[in-house]
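The values are calculated or read from the model by the stated rules, or taken from the named source; none is laboratory data. Not measured: the values here are computed from a predicted model. Using ideal geometry, Cβ is built from the backbone for each residue, glycine included, and neighbour counts are taken over all protein chains shown.
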Amino acid sequence: MTVKEVTDDQRIARIQPLFTKWITLLSLADWDITWQFVDKLAGPDGDNAIARVTPIWPYQRAHIRLVRKAVDAAGLPGEIETVIVHELCHLVMAPLWEAIDDVLGGGTIANRLHGHMETLMDIFALGLQYSYDKKPRGALYSPVLEGTPQ
Ligand SMILES: [Zn+2]
């Protein structure tokens, strides 16, 4: 059996409508958001992370990197959509997170809050998808997505 190669053009065709939809729904139209596919994310959790957003606040710019194999593995539309909503929710929270980071300046408490922020983004992403699309929550989870959005 041969594995059908997925091209970036095919990935873009799948992902672009999701970005367009959620940028509008989350009132992020004023942001300059770029995104790209990568084979792997750098960093300590690079082996597990499936996406990462870099917000540039207060300039309302952001860059999102999505790992190709995770995008390809997410078979149901809701799965990769959850990842995209999660990353975009980080932008909604960027002013708050920037203030927290300024006050705490990193360290243990900031790391703990970052963990809570990740959980919160998952809850927001799943809740927002359910609210807008009325998809059952169970359909949004994927056993094939072994990594977590960052
Ligand atoms: Zn995250």
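Mind checking which residues of region 100-119 are in contact (Cβ under 8 Å) with a residue 12 or more places away in the chain and within 11 Å of the ligand (Cβ to nearest atom)? Steps first, answer last, please.
Initial filter on region 100-119 (in contact (Cβ under 8 Å) with a residue 12 or more places away in the chain): 100, 113, 117-118.
Across region 100-119, the qualifying residues are MET117, GLU118.
Cβ-Cβ below 7 Å, separation at least six or inter-chain, first residue in region 126-139 and farther than 18 Å from GLU87 by Cβ, second at pLDDT 85 or above and in a helix (DSSP H, G or I): which pairs?
LYS135/GLN129; ARG137/LEU126; ARG137/TYR130
Of the residues that sit in region 83-99 and are within 11 Å of the ligand (Cβ to nearest atom) and β-branched (Val, Ile, Thr), which one is farthest from PRO58 (Cα to Cα)?
Of region 83-99, the ones within 11 Å of the ligand (Cβ to nearest atom) are 83, 85-91, 93, 97.
If we keep only those that are β-branched (Val, Ile, Thr) as well, we get 83, 85.
On the way: VAL83: 23, VAL85: 20 Å.
Filtering region 83-99 for residues that are within 11 Å of the ligand (Cβ to nearest atom) and β-branched (Val, Ile, Thr), the one farthest from PRO58 (Cα to Cα) comes out as VAL83.
Would you mind stating whether PRO149 is more than 14 Å from the ligand (Cβ to nearest atom), under 19 Å from LYS21 (Cβ atoms), at pLDDT below 90 and under 17 Å from the mean Cα position of the chain (by Cα)?
Numbers: more than 14 Å from the ligand (Cβ to nearest atom): no; under 19 Å from LYS21 (Cβ atoms): yes; at pLDDT below 90: yes; under 17 Å from the mean Cα position of the chain (by Cα): yes.
No: the conditions fail for PRO149.
Please tell me if ASP32 is in contact with a helix residue (DSSP H, G or I) (Cβ under 7 Å, 6 or more places away or on another chain) and farther than 29 Å from LYS4 by Cβ.
For ASP32, the condition - in contact with a helix residue (DSSP H, G or I) (Cβ under 7 Å, 6 or more places away or on another chain) and farther than 29 Å from LYS4 by Cβ - is not met.
Conditions tested, residue by residue: (1) part of a loop (DSSP other than H, G, I, E, B); (2) within 21 Å of ASP101 (Cα to Cα); (3) more than 16 Å from the ligand (Cβ to nearest atom); (4) modelled with pLDDT of 95 or more.
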{"site": "LYS21", "(1), (2), (3), (4)": "no, no, yes, yes"}
{"site": "SER27", "(1), (2), (3), (4)": "yes, no, yes, yes"}
{"site": "ASP30", "(1), (2), (3), (4)": "yes, no, yes, yes"}
{"site": "TRP35", "(1), (2), (3), (4)": "no, no, no, yes"}
{"site": "LYS40", "(1), (2), (3), (4)": "yes, no, yes, no"}
{"site": "GLY46", "(1), (2), (3), (4)": "yes, no, no, no"}
{"site": "ARG52", "(1), (2), (3), (4)": "no, yes, no, no"}
{"site": "TYR59", "(1), (2), (3), (4)": "yes, yes, yes, yes"}
{"site": "ILE64", "(1), (2), (3), (4)": "no, yes, no, yes"}
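Between ALA139, ALA110, ALA125, which is touching a helix residue (DSSP H, G or I) at 6+ places or on another chain (Cβ under 6 Å), surrounded by 12 or more Cβ atoms within 10 Å (Cβ to Cβ) and modelled with pLDDT of 90 or more? Explain how you work it out, then say what you get.
Working: ALA139 fails: modelled with pLDDT of 90 or more; ALA110 fails: modelled with pLDDT of 90 or more.
Going through ALA139, ALA110, ALA125 in turn, the sole match is ALA125.
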